[in-house]
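Q: For reference, the structure I am asking about is given below.
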Amino acid sequence: MPARTTKLLSPHEIDTAADIIRTGGLVAFPTETVYGLGANALDAAAARSIFTAKKRPSFDPLIVHLATLHDVSRVAADIPEKALKAFEAFWPGPFTAILPKKECVPDVVTAGLPTVGVRIPRNELAHTLIERSGCVVAAPSANLFSHTSPTTAAAVEQMLSGRIDAIVEGGACHVGVESTIVSFCEDPPVVYRAGGVSIEEVEACIGPVRTAPSKGDEKKAPGRSLRHYAPQTPLYLNAQQSDFPQGASLGLLAFGPEGNRHGYEVVQNLSCTGNLTEAARNLYAFMRSFDEYDLSAILVETIPFTGLGRAINDRLLRASEDGFKKEAFPQGS
Ligand code: TXA
Ligand code: MG
C-alpha cells in the first residue's frame, strides 16, 4: 500500500474532511462510541481501501453511517415495524440495525451478504461530516486488525498514520464501547453484538430478542466470532497472581471500591464507584495504557453482566487469552 499523508483536522476543518470522503478518500472521525474510519459507502473502490488501511479481512462487513432517518431507504430495501420503533428510541446513538440491503450497496461493504448494517451516530462532528459529505459513510472502528478500538484521535494516529488521508480531532468518545447490533431480518430480532445500548433497554422497546448464538449465525454475522480488541500485553480474565512466577510484573484492570490490589506494578480502576457507564468510557484507553509498561500480563477483576457490563465483558473476553483458548476465536479486527 503506498504511504498516504495523514492530515490532522480540527473540528473547524470538517468541510475539508467532508470533501475527502466525497472524493473517495479515507477519514477517521469521532463518534460517541469509538473513532470510525469512514469512506463513501456507495463507492466500491473507496470502501475497499478501508480494508487495506486496517488490514481487515474482506469477509467482515462494514456498518453504513447515516445523517438522517430518510437515509435508511437509500441503502435498505425494507424497514420492519420493530426497527422503526428502535430507531425512534435509540437514534441518534449507539445502535446498529441489520436490514435487507438495496442493490446500490457494493458487495465489498456487506462482504457479499444480502443485508446491510445502518446507524445514525449521536456525535455532533460525525453528524456534520456525514451530512456535509452528502454520502452514506461506511465506517468500521479506526483500529488496525485485531487491535484495541480507538477512543481518542491520538490512538487512531498511533495505528493508522500514513495509511489514511485525515483524522478529525474530536476529543474522547463518551460511550467508549461500540454500538449494539440487532438484526431485524429475523423475528424475534437477533442481537449480534452487545454495545452502548443495553439488552434490557432494547427488550423494553421492541420486546424479546434472541441473544444466544444459533446454527448459521456465523454466516449471517461473520464478525461475531472474531478475536478482537487485544492489547499487546496478554490479558487474563480468570487468573490469580499466584498463577504467575514470583516477581512477574503484573497489571490489574480493577472495578469498584473493594479488592486486594497489592503486588501489582500498575493498577487501573475502570470505575472506583462501580459505575458501568464510566467503566465503558475508560475501557479501551485503560487496556491500551498497560502496553506502556513492560508487563508479563494483565489481570481483570469481575465486572457485573448487567446493562453496559455485558458489552464490557464481551470485549474483555475477546481480548483475552482465556477467550482465545476457550472459544478459539480466529484473529480478527
Ligand atoms: O459503534 C460502532 O458500531 C463503531 C462506530 C465507528 O460506529 N463501528 C464499529 O464497526 O464497531 P466495526 O466494523 O468495528 O464492527 C462492526 C461489526 C462487525 O463485527 C461486522 O461483522 C458487523 O458489525 N456487521 C456489519 N454489517 C453487518 C451485516 N450486514 N450483517 C451482520 N453483521 C454486520
Ligand atoms: Mg471493530
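The values are calculated or read from the model by the stated rules, or taken from the named source; none is laboratory data. What you see is a predicted model; the values in this text were computed from it and never measured. A quick note on method: Cβ atoms are made from the backbone with ideal geometry, for glycine too, and the neighbour counts reach across all protein chains shown. Just the protein is used for accessible areas: all its heavy atoms, side chains included, with ligands, DNA and RNA removed. Shrake-Rupley method; radii C 1.70, N 1.55, O 1.52, S 1.80 Å.
Q: Give segment 205-233 a look and list any residue that's near ligand 1 (Cβ under 9 Å from one of its atoms) and among the hydrophobic types (A, V, I, L, M, F, W, C), or say none.
A: Ala221, Leu226
Q: From the set of residues in segment 175-191 that are assigned to a strand (DSSP E or B) and touching a helix residue (DSSP H, G or I) at 6+ places or on another chain (Cβ under 8 Å), which is nearest to ligand 2 (Cβ to nearest atom)?
A: Per the criteria, the residue is Thr180.
Q: Only one residue in Val182, Val190, Val118 is open to solvent by less than 20 Å² (accessible area, probe 1.4 Å), in the same structural domain as Pro80 (by TED's automatic domain parsing), in contact with a Pro (Cβ under 8 Å, 6 or more places away or on another chain) and within 13 Å of ligand 1 (Cβ to nearest atom). Which one?
A: Of the residues listed, the single one that is open to solvent by less than 20 Å² (accessible area, probe 1.4 Å), in the same structural domain as Pro80 (by TED's automatic domain parsing), in contact with a Pro (Cβ under 8 Å, 6 or more places away or on another chain) and within 13 Å of ligand 1 (Cβ to nearest atom) is Val182.
Q: OK, next. Would you confirm, using the coordinates I've provided, whether His147 is at pLDDT below 95, closer than 30 Å to Met1 by Cα, more than 10 Å from ligand 1 (Cβ to nearest atom) and under 14 Å from the mean Cα position of the chain (by Cα)?
A: yes
Q: Given the conditions (1) open to solvent by 30 Å² or more (accessible area, probe 1.4 Å); (2) more than 16 Å from ligand 2 (Cβ to nearest atom), and given that Gly207 satisfies all but one, which numbered condition is not satisfied?
A: Only one criterion in (1) open to solvent by 30 Å² or more (accessible area, probe 1.4 Å); (2) more than 16 Å from ligand 2 (Cβ to nearest atom) is unmet by Gly207, namely (1).
Q: Among the residues of segment 136-156, write down those that are touching an Asp or Glu at 6+ places or on another chain (Cβ under 8 Å) and more than 10 Å from ligand 2 (Cβ to nearest atom).
A: Hits for segment 136-156 are Val136, Ala153.
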